[in-house]
Amino acid sequence: MDTNYDPQQIETKWQKRWQEEKLFDADIAPGRKKYYVLEMLPYPSGDIHMGHVRNYSIGDALARYMSMKGYNVLHPIGWDAFGLPAENAAIKHQRPPAEFTFSYIERMRKQLQRLGISYDWRREIATCVPEYYRWNQWFFIKMYERGLAYRKHSRVNWCPECQTVLANEQVVDGCCWRHEETPVTEKDLEQWFLKITDYAERLLDDMQELVRWPERVLTMQQNWIGKSRGTEVDFQIAELGLPLRIFTTRVDTIFGCTAVFLAAEHPLVEKLTAASKSPERLRADAERIRNSANRARVEVNLEKDGVATGFTAVNPYNGEQVPIWLANFVLTGYGTGAVMAVPAHDQRDFEFCTTFNLPIRTVIVPVDDVGAGLKPAPTEAFVDYGKLVDSWPYSGLTSEQAIQRMTEDAEAKGFGKGTVQYRIKDWGISRQRYWGTPIPMIYCEACGIVPVPEKDLPVVLPADVKLTGQGQSPLARVPEFVNASCPKCGGPARRETDTMDTFVDSSWYFYRYTDPKIATAPVSKEAVEYWFPVDQYIGGIEHAILHLIYMRFFTKVMKDIGLVSFSEPVARLFTQGMVIKDGSKMSKSKGNVVDPTAMFARYGADTVRLYMLFAAPPEKDLDWNDAGIEGSARFLGKVYRMVAKHADELRFVESVLGKGNSLADLTAEERRLLRKSHQVLRHVTEDMEERWHFNTDVAMTMELVNELTELDSAASAGQIRPETLKVSLEVLVLVLALFAPHIADELWESLGHREPTLRVQWPAYDPELAAEEELEIPVQVNGKLRGRIRVAVGTSEEDIRQLAQADEKVAQHLDGRKIVKIIVVPQKLINIVVK
């Protein structure tokens, strides 16, 4: 066998063979256990990047392992193909977006195939083709029929650079999620919304099923949904006799209310302005506060600002009149757009009222406060629960008791009620761009809003459209598209010209993979029942409150429609870290982009994959290092030469892998080699099942190679039998098959096997062989590491104590000091306490 490792030749050979043998094709097999592994589908931007390589290498390692464990593995890929980048490129180059998109798909498909990922390419989908997006339209109509899709005039988020609306979830720190330095503004527009708020409680309750999701993602979703139990209380505007409803989660503090704050966009502001003695001044002040509130969404630490309106509100609990202010930190999107100011018990209110010299009145004190003597003026808000003071008739109650009783009293007296509020808002899906799914609605003067009949779906995007990126949707300038007949009366009508948010496309794509060709329904119930749930989903944490919440919402709607029988689509979620370089995110502007294609050409795909899994734990960011990938290339070359050296000798030796070995029959050298082999096998098996410490798996594989290198002379001298050497090399190759499959299949073949490694049963490790003969135990003195000792497994605790004290490095720190006690944590640690 040639000992020269040629990754280009080897990878080309095996990719061709895998394709010819349809190695990755997966079909429904009743009675056979299945495993559905999925990475988030890519946007076809032109080239894959190193983040893609890392993501797909993680998923492929798992897919290959589960295949070798005997599972029927579904591992599909597709393209999230609608979106602004293709449309913007089309505007720049004056070519159709479809042309860019499909050329990019073709290029990225070749790059992924060059990477050797085990995708079932028969199931490939692209969300921009009518055969796919007709079902986006079908879902929309079904939601409309159920009252879950509706149109309303609303203030919406607007990205000046995208020239389109953004959903609340797509505003990140006040900026566009695509253009991280572009502040989002607001516009008044007629928009279509999906009523995700109807599912808020189910989205929260069903989290109990997500036991294998990262806690961080669940916390982010809980915070985004933002469930708050509280009380709505109706104040009265004293001068106008109008009710002013506020929402509070701490009605127990209402006797400390010294003002009411309104959002500048609150509907009552116009009435206050009209009735004001200085309407022009109040109108100008309201506009200033409104602009400041918009900036506050971008500038987290923007100074709090406000203005008194000249009106007062009557507190229904005590009849006190308090001033009404407009404040830049109160938003109409949460609660009622009006809050009571209780500066003694809310830090934000405290800072505002201190700045504007509004009264601060303490009405909650710690439960153990005896109340004797005068208290100094507070320097910060007391925000905890406690007991009520100066709140007759509720004084002396705990906060919990008061909240319940005061809410009951408000309901009994008709000025309030207990309620639940959610931070999440309905999902605005209208986009004023071309390259997306047309919204399937028609506007008729006589009949109003009418959905396109299902038999007329899909509503296809017209091909010849002038794109400018400015103003309204480009579809509005295409008469052939806009002009339609009303499905009800047959009269003249016009089509909706906005397109759908592309997150609609990705909210259900993983169902389509199970039967991508079905033409009679969005999904095949039979296929979904077999393949679902997705056993492992892999993607970035940045999707926690975007895609990952939308897909959960869609699944619940699909259950209500009758398409699926479950509430959650993904059993286990993994969020991988980013690939960075020189400490920062890769970007062309920073000049720190590493091109995967160039790396494949230079080192081979296996080397790049191996480095991606070795350089950092998969959940952490990986900082690309040129020396690191050189090291991975050298390692694979070393493995290749090692196996090639023995391949001709071992090719015809019977494989005894998995047939057991008696320790009594082994030489010392064989015992050492097989012990390391089975330890590696145990470590990788346990990691693939649960921990995913791929970096340590690769490190353990390197240890096995070192052991083989050290024992090479023993093998040549006959101290290691050929069948024993072959077992160790087979273990090495099968483990390597998860991370570097091309070279693994080449080496597996060289050892006399015909089938690719993917068709090999994953070997079970022998617990007896995998057990350590010796343990290394760290020794501390007064909690500080001072040395390490090696002891045989089974050594008594007393002997371990003596060995620790006798260690030369440890003894230096014991000299002249009295040993108080020796703490032994079995097989883990020794701590000698001295004085």
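For the reader, a short list of remarks on this structure follows.
- Among the residues of the range 621-631, the one identified as of a type in the set (D, E, K, R) and either closer than 15 Å to ASN4 by Cβ or touching a helix residue (DSSP H, G or I) at 6+ places or on another chain (Cβ under 9 Å) (or both) is GLU630.
- Considering residues of the range 28-45 that are open to solvent by 40 Å² or more (accessible area, probe 1.4 Å) and in contact (Cβ under 8 Å) with a residue 40 or more places away in the chain only, the residue nearest to the chain's Cα centre (by Cα): TYR43
- Checking every residue in the range 576-590 against the condition of being open to solvent by 10 Å² or more (accessible area, probe 1.4 Å) and within 24 Å of ARG512 (Cα to Cα) gives zero matches.
- Any hit, the range 411-425, residues being farther than 27 Å from THR219 by Cβ and crowded, with 17+ Cβ neighbours inside 10 Å: yes
- Check on ARG552, surrounded by 20 or more Cβ atoms within 10 Å (Cβ to Cβ), out of contact with any strand residue (DSSP E or B) (no Cβ under 6 Å at 6 or more places or on another chain), farther than 26 Å from ASN223 by Cβ and of a type in the set (Lys, Arg): no
- Residue check, GLY658 small (Gly, Ala, Ser), within 14 Å of HIS646 (Cβ to Cβ), out of contact with any helix residue (DSSP H, G or I) (no Cβ under 8 Å at 6 or more places or on another chain) and outside any helix (DSSP H, G or I): no
- Residue within the range 756-770 that is of a type in the set (S, T, N, Q), modelled with pLDDT of 90 or more and assigned to a strand (DSSP E or B) present: no
- Restricting LYS585, LYS559, LYS581 to those that are without any contact (Cβ under 8 Å) to a residue 24 or more places away in the chain and within 29 Å of LYS110 (Cβ to Cβ) reduces the list to LYS585.
- Of note, ASP6 satisfies the criterion of being modelled with pLDDT of 95 or more and acidic (Asp, Glu).
- Within the range 632-643, no residue that is free of Cβ contacts under 8 Å to residues at least 60 places away in the same chain and within 15 Å of MET1 (Cβ to Cβ) sits with its Cβ atom under 9 Å from a residue that is crowded, with 20+ Cβ neighbours inside 10 Å and of a type outside the set (S, T, N, Q) at 6+ positions apart or across chains.
- Residue satisfying all of: in the range 190-219; assigned to a helix (DSSP H, G or I) and free of Cβ contacts under 8 Å to residues at least 40 places away in the same chain; most open to solvent (accessible area, probe 1.4 Å) among these: GLN208
- Within the range 695-707, residues that are in a helix (DSSP H, G or I) reach partners that are open to solvent by less than 30 Å² (accessible area, probe 1.4 Å) and of a type in the set (Asp, Glu) with beta carbons closer than 7 Å, at six or more positions or on different chains, in the pairs ASP697/ASP687.
- Qualifying residue in the range 751-763 (condition: open to solvent by less than 10 Å² (accessible area, probe 1.4 Å), more than 29 Å from LYS828 (Cβ to Cβ) and over 37 Å from the mean Cα position of the chain (by Cα)): yes
- Filtered by the rule that a residue be acidic (Asp, Glu), under 26 Å from ARG114 (Cβ atoms) and at pLDDT below 95, the range 49-102 gives a lone residue, GLU99.
- Filtered residues of the range 345-369 (kept if closer than 19 Å to ASP305 by Cα and assigned to a loop (DSSP other than H, G, I, E, B)): ASP346, PHE356, ASN357, LEU358, PRO359, ILE360
- Single residue of LYS417, LYS387 found to be within 30 Å of GLY241 (Cβ to Cβ) and in contact with a strand residue (DSSP E or B) (Cβ under 8 Å, 6 or more places away or on another chain): LYS417
- Count - residues of the range 466-477 that are at negative phi and surrounded by fewer than 19 Cβ atoms within 10 Å (Cβ to Cβ): 6
- In the range 118-159, the residue that is farthest from the chain's Cα centre (by Cα) out of those that are open to solvent by less than 40 Å² (accessible area, probe 1.4 Å) and among the hydroxyl-bearing types (Ser, Thr, Tyr) is SER154.
- Meets criteria (among the acidic types (Asp, Glu), at pLDDT 90 or above, assigned to a helix (DSSP H, G or I) and open to solvent by 70 Å² or more (accessible area, probe 1.4 Å)) for ASP606: no
- Note on the range 335-355: residues that are surrounded by fewer than 18 Cβ atoms within 10 Å (Cβ to Cβ), more than 17 Å from VAL251 (Cα to Cα) and in contact (Cβ under 8 Å) with a residue 12 or more places away in the chain total 2.
- All of (1) more than 37 Å from the chain's Cα centre (by Cα); (2) buried (at least 17 other Cβ atoms within 10 Å of the Cβ) hold for PRO826 with one exception: (2).
- Only one of the listed residues (GLU746, GLU689, GLU723) is out of contact with any strand residue (DSSP E or B) (no Cβ under 6 Å at 6 or more places or on another chain), modelled with pLDDT of 95 or more and open to solvent by 10 Å² or more (accessible area, probe 1.4 Å). That residue is GLU746.
- Scanning the range 469-484 for residues that are of a type in the set (D, E, K, R) and in contact with a helix residue (DSSP H, G or I) (Cβ under 8 Å, 6 or more places away or on another chain) turns up nothing.
- Residue among GLU768, GLU808 that alone is touching a strand residue (DSSP E or B) at 6+ places or on another chain (Cβ under 8 Å) and over 30 Å from GLY637 (Cβ atoms): GLU808
- Exactly one residue out of ALA647, ALA616, ALA598 is over 25 Å from TYR765 (Cα atoms) and either open to solvent by less than 10 Å² (accessible area, probe 1.4 Å) or outside any helix (DSSP H, G or I) (or both), and it is ALA616.
- Residue list for the range 65-117, filter: open to solvent by less than 20 Å² (accessible area, probe 1.4 Å) and at positive phi: GLY83, GLY116
The values are calculated or read from the model by the stated rules, or taken from the named source; none is laboratory data. Only a predicted model underlies this, so the values are computations on that prediction, with no experimental measurement involved. Here Cβ is always computed from backbone atoms with ideal geometry, including for glycine, and neighbour counts include all displayed protein chains. These area figures cover heavy atoms from the full protein model, side chains too; ligands, DNA and RNA do not enter into them. Shrake-Rupley method; radii C 1.70, N 1.55, O 1.52, S 1.80 Å.
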